[in-house]
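Everything below concerns the one structure shown next.
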Amino acid sequence: MARHMKHHADPTRRALLGSMAAAGGLAALGWPGGARAAAPSRGGHVRYGVRGGSTTDSLDPGTYSHAFVRTMGYAFCNTLVEIDGNNRLQPELLEFWEGSKGAASWVFRLRPGITFHDGKALTADDVIATVQHHVRPGSTSGARALMTAIKGMERLDDLTVRFTLEAGNADFPAIFSDYRMMVMPARDGVADFASGIGTGGYVLKNFEPGVRASLERNPNYWRADRAFFDSVDILAMSDATSRQNALLTGAIDVMDQADLKTVHMLKRKSGIEVASTTGGLHYTYAMNAELAPYDNMDLRLALKYGVDREALLQKVLRGYGSLGNDHPVAPTMAYYAADIEQRAYDPDRARHHLKKAGLDNVSLSLSVTDGLYQGAVDGVTLYREQLAPVGIDLEIARVPTDGFWTDTWMKKPFVAGIWGTRATADMILSAAYESTAAWNESFWREPRFDALLKAARTELDESRRAELYRDMQVMIRDEGAAVIPLFADNVFALSDRIGHPEAMSGAWELDGGRSIERWWIKA
Amino acid sequence: MKTLWLMILGRLGLGLATLLAISVIIFSAIEMLPGDLAQEILGQSATPETVAAFRSELGLDRPALERYLDWAGGIATGDFGTSMASRRPISELIAARISNTLFLALYAAAISVPLALVLGLLAALYRNSVFDRLANVTALSSVSLPEFFLGYILIFVLAQSGLFPAVADVTAEMPLGDRLYAAFLPALTLTLVVTAHMMRMTRAAIINLLASPYIEMARLKGVPRGRVILCHALPNALAPIINVVAVNMAYLVTGVVVVEVVFVYPGLGQLLVDSVAKRDVSVVQAASLIFAAAYVLLNLAADVLATVSNPRLVHAR
């Protein structure tokens, strides 16, 4: 069985090895970036305008939470596992991973010969210190909850680490693609984040939190087919109009998150490319399944049939996205069940369920904040209109963005939420739908679901595993307490002097956060 | 003159008391905001364990009074402390930002103050003429538009044509000429915002004086109108004008965060907004104290100058 779960960096060998669930087997053969329109060329200076940067940012990956630090982090650091342009998992710093004992024991082998920017060789100690940084008692890392299953870490040799888990998890390596899992150098056994030293394609020359990060190409980068720019400046630009103006006037070459209200005009400008990627980014209207009236399955169904997803897609996302089907598994993910019927707007059926719930007319309050995502309040306003013929009076409770995660999310009974891309179905399901999940935003606790999730983690038979994931998607869709109307694309714009691979990752903005090492200036 | 020095000393003492009061108010205000630094930094990723760990690491689990006294003790010895969020020394964080903010404020003041005074004088001189009306309408329209909108208009007109950069991306190493060029649009935006107030005050103060008997006397003596205004009216109008200039200067230092965001200018305003959003109390305190000190000092300067400009006060009997 051990061999069966081995996943290797060498693409020629990979086909011979059994399928690693998340890697999607043969589908992943398009090696980094997929097909390319033109061969990348080296050189040049590039300026990025990226949102999210704040004076309070630090270099501690445990605190990373937004586009600026992600873009910067992926430029000067690597992770053990990366998500490629086709949204499949690939070993990055690893040569291979190998699971055994029902996926409860994992051996990670590092590629030999990789060095940090200061010349120190990358070893198993750095991996252990990095993981320890997040899981140690007293850890303040946002990634801590991802790794509660790790029971032990053992250094087997200079390049090899063995992880022992509480319970089997075939998707365990996927956790290491998280942007908070940047590999840091160990100093006296403790991960050193403060020095800003990594193994990445760029050396961090200057970091002014909330203002800019300046990076220069790492001449000793271990990858020959990456990191084409000579140097990069990332500017913190929180205002979408400013980013757009800067791009139009040539002050920057790449901007993340185009303003969807004006993107059609931006598209018409010559010299500018508007691009979008699809991933697992999705919006939710999450109810608290433990509180009346949301504990009533029929009311939940009324709310699910009462949303006109198509209208939201066209009006809020301007078509940049896809329809959600009330479960969080995205079409780009492995084990997405395409055959589940798409739920459509059906006021009659919604009314039927409302009656069945014993409620003829009901008044509900949905909390939402402007800063959650573009058009968050607009979407809820539309939803209110769509629910009117059902007999549900939806009150829009607008709350300030400041303090939203503390005071509103998972506090109010019905809240508009957002979830970023996760690498695998298991990651999003165990983050937000497992009974014991810290971020179970809909407070939906279903033992049958938990059993399926657990079984799927250790199921090695592909078709059986797909079946389990299909059952879970159906269960959340029909019984869950979250309306999931939309998957949103990442929409960004770049100068046409910038070249990029045809296949770009939809995990996070700008090619999965890795554009700085994947893109190039056209010759 | 001695009374003047006494006044300055007394006012400085009062200023210190003001700063102390402000630090208490700001600290309590931040305490009252929902959530603390641990929750705001972790955001959606917060779990009870990580929040608790964060709090104990930063000492946020200690009583508020203890934390305030700790901070105040540091300030008394000249130590601003470190930012809880980024773990950087606050003096270092603020140093770069404050020089940018002062640079932009002085730049905008250097354009707007002379411009406002000259326009105000001319408007008073040619009262109710086409020039007066035009100057008033232009100044009032520009002050009525929101700052970000003015910024966008200037970007549309002056940046998209390639004349000036849309991003005022200044760095410490930049030579002065480049800096002036890079920060031209934000300075111009601020000029448009503050000129009207100063210009209108100059005009009003002078017109007010023009009705007084001693001006009539000067006129009757045959003094030319320009000279009447410059030599007879202006010296007596200085006090109100200085006060308005001081208020606007203080605004240029403290109130320009919107312009900073539009032009991506790394000033103190953005630092304050970021720190409030993350409840980074010690940084908020430091920035607020600087802003408050700017107000106190500029007001003091205005009062001193107003006193000096008035011989009756300088040579009080």
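Shielding of peptide B:31-38 by partners, expressed as the average count of other chain Cβ atoms within 10 Å per residue Cβ, is 3. Bridges between two residues of region A:282-488, per DSSP, are antiparallel at a rate of about 60%. Since only A:Pro485, B:Val113, B:Val24 are under comparison, the one whose Cα sits farthest along the positive direction of the charge dipole of the protein assembly as shown, derived from C-beta charges on Lys, Arg, Asp and Glu, is B:Val113. The amide H of A:Val190, built 1.01 Å from its N in the peptide plane, has no neighbour under 5 Å, considering only residues 5 or more places off or on other chains. Of the cross-linked pairs A:Lys261/A:Lys412; A:Lys261/A:Lys411; A:Lys304/A:Lys356; A:Lys412/A:Lys454; A:Lys205/A:Lys269, those separated by over 22 Å at the C-alpha level are A:Lys261/A:Lys412; A:Lys261/A:Lys411; A:Lys412/A:Lys454; A:Lys205/A:Lys269. Between A and B, buried accessible area from a 1.4 angstrom probe totals roughly 3300 Å², ignoring ligands, DNA and RNA. Measuring only protein heavy atoms, the 1.4 Å probe finds A:Ile150 accessible over about 30 Å².
In terms of packing, defined here as the mean over residues of other Cβ atoms within 10 angstrom, the peptides A:330-340, B:99-109, B:13-23 line up highest first as B:99-109, A:330-340, B:13-23. Taking the Cα centre of region B:35-79 as reference, the dipole from Cβ charges on Lys and Arg (+1) and Asp and Glu (-1) amounts to some 60 debye. Principal-axis analysis of the Cα atoms of chain A puts helix A:67-76 at an angle of about 20° to the longest axis.
Take every residue in peptide B:158-166, count the Cβ atoms of other chains within 10 Å of its Cβ, and give the average of those counts. Mind dumping the intermediate values first?
Numbers: counts 0, 5, 3, 1, 2, 1, 1, 4, 11.
Counting Cβ atoms of other protein chains within 10 Å of each residue's Cβ and averaging gives 3.
Highest mean packing first, where packing is the average number of other Cβ atoms within 10 Å per residue, the peptides A:397-408, B:82-93, B:281-292, B:172-183 line up as B:281-292, B:82-93, A:397-408, B:172-183. The order of the peptides B:260-270, B:41-51, A:444-454 by mean Cβ neighbours within 10 Å, most packed first, is B:260-270, B:41-51, A:444-454.
Taking only the Cα atoms of chain B, the radius of gyration and Dmax are 23.8, 85 Å.
How much of the pair distance distribution for region B:1-159 lies past 29 Å, counting alpha-carbon pairs only, in percent? Write down the numbers at each step before the final one.
Working: 6673 of 12561 pairs.
Cα-Cα pairs of region B:1-159 separated by over 29 Å account for 53 percent.
Our summary gives chain B a relative contact order of 27 percent, counting only alpha carbon pairs under 8 angstrom and 6 or more residues apart. Projecting the Cα atoms of B:Val244, B:Pro213, A:Thr278 onto the charge dipole of the protein assembly as shown, computed from C-beta unit charges around the Cα centre, puts B:Pro213 farthest toward the positive end. Name the shape class, rounded, prolate or oblate, that the alpha-carbon gyration tensor gives for chain A, where a ≥ b ≥ c are the square roots of its eigenvalues, rounded holds for a/c under 1.5, and otherwise prolate holds if a/b is larger than b/c and oblate otherwise. Oblate shape, in that a/c is at least 1.5 and b/c is the bigger or equal ratio. Between A:Gly49 and A:Leu235, A:Asp253, A:Val254, A:Met255, A:Asp256, the built amide H atoms are under 5 Å apart, and every one of these is 5 or more places off in sequence or on another chain. Summarising the label geometry, the points placed 7 Å from Cα in the beta-carbon direction at B:Ile8 and A:Asp496 lie 6.4 nm from one another.
Using Stokes-Einstein with the Kirkwood hydrodynamic radius over Cα pairs, what translational diffusion coefficient do you get for region B:42-82 at 37 °C and a viscosity of 0.692 mPa s, in µm²/s rounded to a whole number? All intermediate terms of the calculation are to be shown ahead of the outcome.
Values: Rh = 11.6 Å.
So the translational diffusion coefficient is about 282 µm²/s.
Can you give the translational diffusion coefficient of region B:178-245 in µm²/s, computed by Stokes-Einstein from the Kirkwood radius over Cα pairs at 25 °C and 0.890 mPa s? Show your work: numbers first, answer last.
Details: Rh = 13.8 Å.
The Stokes-Einstein estimate is 178 µm²/s.
Angle between the Cα long axis of helix A:462-479 and the longest principal axis of chain A, 0 to 90 degrees, nearest 10? Helix A:462-479 sits roughly 40 degrees off the main axis of chain A. Net charge dipole, the protein assembly as shown: roughly 2520 debye, given to the nearest 20, about the Cα centre with Cβ charges of +1 for Lys and Arg and -1 for Asp and Glu. Between amide H atoms placed 1.01 Å from N, distances below 5 Å from A:Ile272 occur with A:Asp496, all of them 5 or more places distant or on a separate chain. Ranking of A:Ile128, A:Ile428 by solvent-accessible surface, largest first: A:Ile128, A:Ile428 (1.4 Å probe, protein heavy atoms only, all chains present).
Take B:Val308, B:Val253 and sort them by solvent-accessible surface of the protein heavy atoms, 1.4 Å probe, largest at the top. Write out the running numbers ahead of the final one.
Numbers: B:Val308 80, B:Val253 20 Å².
Sorted descending by solvent-accessible area, the residues read B:Val308, B:Val253.
Threshold 10 Å², probe 1.4 Å: give the residues of region B:62-95, in number order, that are less accessible with all protein chains present than with their chain alone. Residues shielded by partner chains are B:Ala85, B:Ser86, B:Arg87, B:Arg88, B:Leu93. When the charge dipole of region B:212-317 is built from unit charges on Cβ atoms (+1 for Lys and Arg, -1 for Asp and Glu) and taken about the Cα centre, the candidate among B:Ala233, B:Tyr265, B:Ala306 whose Cα reaches farthest toward its positive end is B:Ala233. Does region A:386-523 come out rounded, prolate or oblate by the C-alpha gyration tensor, with a ≥ b ≥ c the root eigenvalues, rounded set by a/c under 1.5 and, if not, prolate when a/b is larger than b/c and oblate if not? Judged from the Cα gyration tensor, region A:386-523 comes out oblate (a/c at least 1.5, b/c at or above a/b).
What chymotrypsin sites (Phe, Trp or Tyr not before Pro) does region A:109-208 have in DSSP loop regions with at most 16 other beta carbons within 10 Å? Intermediate results must be reported in sequence, preceding the final value.
Numbers: sites: A:Phe116, A:Phe163, A:Phe176, A:Tyr179, A:Phe193, A:Tyr202, A:Phe207; in loops: A:Phe116, A:Tyr179, A:Phe193.
For chymotrypsin sites (Phe, Trp or Tyr not before Pro) across region A:109-208 that sit outside H, G, I, E and B with at most 16 neighbouring Cβ atoms in 10 Å, the list is empty.
Calculate the mean, over all residues of peptide B:195-201, of how many other protein chain Cβ atoms lie within 10 angstrom of the residue's Cβ.
On the way: counts 0, 0, 0, 0, 0, 0, 0.
Counting other chains' Cβ atoms within 10 Å and averaging over B:195-201 gives 0.
Interface residues of region A:49-76, defined as those with an accessible-area decrease of at least 50 Å² between the chain by itself and the complete set of protein chains (probe 1.4 Å), are A:Thr55, A:Thr56. Computed in the context of the full set of protein chains, the accessible area of chain A at 1.4 Å probe radius has 50% of its extent on carbon or sulfur.
Using a 1.4 angstrom probe, figure out how much accessible area region B:90-314 has per residue, in square angstrom, rounded to the nearest whole. Don't skip to the answer; put the middle values down first.
Values: 9640 Å² over 225 residues.
That works out to 43 Å² for each residue.
Compared with the dominant principal axis of the Cα atoms in chain A, helix A:347-356 is inclined by about 70°. If R0 is 25 Å, what FRET efficiency do you get for A:Asn361 and A:Leu291 from their C-beta distance, rounded to 0.05? Calculated value: 0.85.
The values are calculated or read from the model by the stated rules, or taken from the named source; none is laboratory data. All of these numbers come straight from a predicted model, not from anything done at the bench. Don't worry about glycine lacking a Cβ; one is built from the backbone with ideal geometry, like all the others, and counts go over all protein chains shown. Protein only, heavy atoms only, side chains kept; ligands, DNA and RNA dropped before computing areas. Shrake-Rupley method; radii C 1.70, N 1.55, O 1.52, S 1.80 Å.
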